[in-house]
Amino acid sequence: MKKIILSLSLISSLSYATNIEVNISNIKPITGKLFVTLDTKDTYDKEDKSNSVFSAIKKISKSGHKITIDDVSSDTYAFSVFHDVDNNNKLSTNFLSVPSEGYGFSNNVVGNFGKPTFKEASFIVNGEQETINLNVELVR
């Protein structure tokens with residue numbers, strides 16, 4: 001009987017791995033590449049994205065792209081993307097430091113004089129969803 005109760009309690013405490021599907025739209029021109037990251041609060045403001053939960057570079061081939069991030073653990077995250085049109089591996093800005101390439105964040109938030117805060121861009125993965133769908137439209 002004790003084994004059955006222990007087994008049931010273990011099963012009830014399991015959480016599902018969640019997949020995140022991000023649809024990125026408003027990609028213009030159809031050239032360059034997308035830099036995408038999924039961050040926790042600890043990695044969101046870091047310039048070095050090597051410790052991000054997920055990061056990828058995708059070559060642009062159309063005006064919309066779908067990114068799938070598999071097996072995401074329960075936590076709070078923020079997704080960010082920028083369109084590297086000139087292939088210099090960074091978000092280019094003009095003389096006023098305003099981005100001259102497209103960018104976007106989860107919740108489609110836009111920061112005031114800089115990137116949005118983690119709290120503004122964040123969303124929760126609680127392990128109960130099988131898939132979370134995000135739509136991110138690049139700002140120009």
Which residue pairs have Cβ atoms closer than 9 Å, lie 6 or more positions apart in sequence or on different chains, and pair a first residue in the stretch 55-84 that is under 17 Å from E137 (Cβ atoms) with a second residue that is surrounded by fewer than 15 Cβ atoms within 10 Å (Cβ to Cβ) and of a type in the set (F, W, Y)? A78/F123; F79/F123
Of all residues being loosely packed, with under 13 Cβ neighbours inside 10 Å and within 28 Å of I30 (Cβ to Cβ) in the stretch 115-134, which is farthest from the chain's Cα centre (by Cα)? Just the residue, please. T131
Boolean, T93 is without any contact (Cβ under 8 Å) to a residue 24 or more places away in the chain, of a type in the set (S, T, Y) and farther than 23 Å from K28 by Cα: no
From G32, G64, grab the single residue that is over 18 Å from A121 (Cβ atoms) and surrounded by fewer than 16 Cβ atoms within 10 Å (Cβ to Cβ). G64
Just one of (1) modelled with pLDDT of 90 or more; (2) within 19 Å of I27 (Cα to Cα); (3) over 11 Å from the mean Cα position of the chain (by Cα) trips up S80, so point out which. (3)
Consider D71 against the criteria (1) on the phi < 0 side of the Ramachandran plot; (2) outside any helix (DSSP H, G or I): it satisfies all of them except one. Which criterion is unmet? (1)
Looking at this structure, is N88 exposed (fewer than 13 other Cβ atoms within 10 Å of the Cβ) and either under 11 Å from the mean Cα position of the chain (by Cα) or at pLDDT 95 or above (or both)? yes
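What about L38, is it part of a strand (DSSP E or B) and either over 16 Å from the mean Cα position of the chain (by Cα) or modelled with pLDDT of 95 or more (or both)?
So L38 passes the test.
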Quickly run through the stretch 42-60 and pick out the residues that are part of a helix (DSSP H, G or I) and loosely packed, with under 14 Cβ neighbours inside 10 Å. D42, S50, N51
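The values are calculated or read from the model by the stated rules, or taken from the named source; none is laboratory data. Being a predicted model, the structure only gives us computed values, none of them experimental. Heads up, the Cβs are rebuilt from the backbone with ideal geometry, glycines too, and the neighbour counts pull from every protein chain shown.
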